[in-house]
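Each remark here refers to the structure printed beneath this line.
The values are calculated or read from the model by the stated rules, or taken from the named source; none is laboratory data. The structure displayed is predicted, hence computed values, not measured ones. Here the Cβ positions follow ideal geometry from the backbone for every residue, glycine too, while neighbour counts run over all protein chains shown. Just so you know, the surface numbers come from the protein's heavy atoms only, side chains and all, with ligands and any DNA or RNA stripped out. Shrake-Rupley method; radii C 1.70, N 1.55, O 1.52, S 1.80 Å.
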Amino acid sequence: MTAPSVPPSPTDETRARFLEAVKATLPDLKLLEDPVDRDSYRLDETAYLAAGLPLAVALPTTTADVSALVRLAAEHRIPIVPRGAGSGLSGGAAGIEGGLTIAMTRMDAILDIDHENLVVVTQPGIINAELKKRVDAEGLFYAPDPASYEICSIGGNLGTNAGGLCCVKYGQTRDSVLGLEVVLADGRVIRTGGKNVKDVAGYALTHLFVGSQGTLGIITEATLRLRVAPPPRTTMLAFFPTLDGAGDAVARIVAAGIDMVTLELLDKPSIAAVDEAFNLGLDRDAEAMLLVESDRPEASALAELDAAVAACEAAGSTMTMRAADATEADWLRQGRRLALRALERQGIVRMEDVGVPRSRVPDLLRAISEIGERHGVRIATFGHAGDGNLHPNFIFDRDDPRAEELTDLARADLYRAAIALGGTVTAEHGIGLARKSVLPDQVGADVIDVMRSIKAALDPLNILNPGRVF
Ligand SMILES: Cc1cc2nc3c(=O)[nH]c(=O)nc-3n(C[C@H](O)[C@H](O)[C@H](O)COP(=O)(O)OP(=O)(O)OC[C@H]3O[C@@H](n4cnc5c(N)ncnc54)[C@H](O)[C@@H]3O)c2cc1C
């Protein structure tokens, strides 16, 4: 079973008729047609990928709006790009030439905070940090926290199955999703799951839509799992004279079952960049640093950090230090979150997103160093080491003519290394446009065939984000 890779291109006349039909059907819809406005929806954070100029950008406010838009797009065979806040790192929300981008940013209401069932029902356009703040004000906690949480939307997090700093304890976005409302490719609206914690009625459609990068449906509402807010975090740093040592410490902490809420790694170039940008007083001589946090009540948090210190020292850590107070801890966490921005001060940065089984983190770190040496590419690596998920960043001078060529060579080796270690070419950013050529290398032809069958069943006209994922 195969789905066409891109739908046939509509003529200019069809596009014009489509826009007229949209305006006639949804006269109150905010529809951006000005080329400058449309251009600002061309890219996500993968500015280096070629992306198209949308024909128009629709900013719906209701599920009915989205449904009507999709029906009209299907009728006129206009490709659709569902878009959240555009912070994605795989090109999933990048524009398609002549397509309709549906930006969900105006559907940003929280519909219900249900204390009895510990769930929140929300529209997808809300920014992750805003949702966290709103539930926190009621003593509740929404766990998934991408480093980009201040600039990314819940819809985008659902679209990518986003990870984050505390996913090592609480899981990726998918682990916090109980139910969805989804507009299908023909405009029908379905509900999957709901407030039930357990629900095995039929196929697990909720989980299928999460991470599908807007290729199977447009999420218009989500029922998300909350927790009672945990105590403030207890935070420490561990510095290592070798990268191997830091990787070994991660493997030891995981194997010991120490349930840290944050277990993040920064290598030497990342430490230097973050310290330069935010003046945190980090040990710039260290080859690697781990940011380790517990969110247990005080006494058990201290016991947990003691166990982590023991694992770090056994792996050769030269220095461990606790954050003096919550403010210092916030600064350290924020420094890690802004590591990409700190590196971007140095030149062009191409961020990758490989993952391996957690015992193989030391091997992955070694492979990354070898790739840097082999291709003469400067690499700074940081990431969610506790999940086995690292972000090697290839850094080039802004005028380096070989940047693209070397990125391609280094990236190919990186993907090979991750797959050879039993890992993945993308742990949280998604295949999108950026990595679709290597998906078959990881999953094989039969899995691609199953994925294509699902796509063809749900989107037979291939109008939802065509050409993304495969
Ligand atoms: C500095 C920085 C740090 C980052 N850190 C992390 C991190 O720690 N963890 C992580 O996972 N990612 C991280 N990211 C990547 C990015 O923020 C996430 O992928 C995020 O989930 C994207 O959300 P968005 O709202 O910006 O989505 P967009 O980029 O707009 O869209 C992402 C994908 O979701 C689809 N989509 C959007 N809305 C919907 C919807 N309503 N229904 C169906 N599909 C939809 C889009 O089609 C697209 O394929 C980081 C990015 C930056 C720039």
Residue among Ala147, Ala162 that is out of contact with any Cys (no Cβ under 6 Å at 6 or more places or on another chain), farther than 16 Å from Met104 by Cβ and either at pLDDT below 95 or not basic (Lys, Arg) (or both):
Ala147
Identify, by number, the condition in (1) within 26 Å of Pro392 (Cα to Cα); (2) touching a helix residue (DSSP H, G or I) at 6+ places or on another chain (Cβ under 8 Å); (3) among the small types (Gly, Ala, Ser) that Ala229 doesn't meet.
(1)
Of everything in segment 243-283, what is outside any helix (DSSP H, G or I) and open to solvent by less than 50 Å² (accessible area, probe 1.4 Å)? Give them in sequence order.
Ile258, Met260, Val261, Thr262, Leu263, Glu264, Leu265, Leu266, Asp267, Leu280, Leu282, Asp283
Does segment 397-417 hold any residues that are touching an Asp or Glu at 6+ places or on another chain (Cβ under 9 Å) and over 22 Å from Val356 (Cβ atoms), and which are they?
Ala403, Leu406
Could you list all residues from segment 92-108 that are open to solvent by 20 Å² or more (accessible area, probe 1.4 Å) and near the ligand (Cβ under 9 Å from one of its atoms)?
Thr105
Looking at the structure I just gave you, is Asp259 at pLDDT below 95 and out of contact with any His (no Cβ under 8 Å at 6 or more places or on another chain)?
yes
What are the residues in segment 378-418 that are farther than 22 Å from Ala251 by Cβ and in a strand (DSSP E or B), if any?
Arg378, Asn393, Phe394, Ile395, Phe396
The residue from Gly376, Gly432, Gly467, Gly388 that alone is away from the ligand (no atom under 13 Å from the Cβ) and open to solvent by less than 20 Å² (accessible area, probe 1.4 Å) is Gly388
Check whether at least one residue in segment 452-466 is closer than 29 Å to Leu364 by Cα, touching a residue at least 60 places away in the same chain (Cβ under 8 Å) and under 19 Å from the mean Cα position of the chain (by Cα), and report yes or no.
no
Filter segment 216-242 for residues that are of a type in the set (Ser, Thr, Tyr) and within 26 Å of Leu390 (Cβ to Cβ); the one that is surrounded by the most Cβ atoms within 10 Å (Cβ to Cβ) is Thr235
Of all residues in segment 68-91 being away from the ligand (no atom under 13 Å from the Cβ) and surrounded by fewer than 24 Cβ atoms within 10 Å (Cβ to Cβ), which is farthest from Thr14 (Cα to Cα)?
Ala68
I'd like the residue in segment 310-336 that is of a type in the set (A, V, I, L, M, F, W, C) and over 23 Å from Ala255 (Cα atoms) and, out of all such residues, is most open to solvent (accessible area, probe 1.4 Å).
Trp331
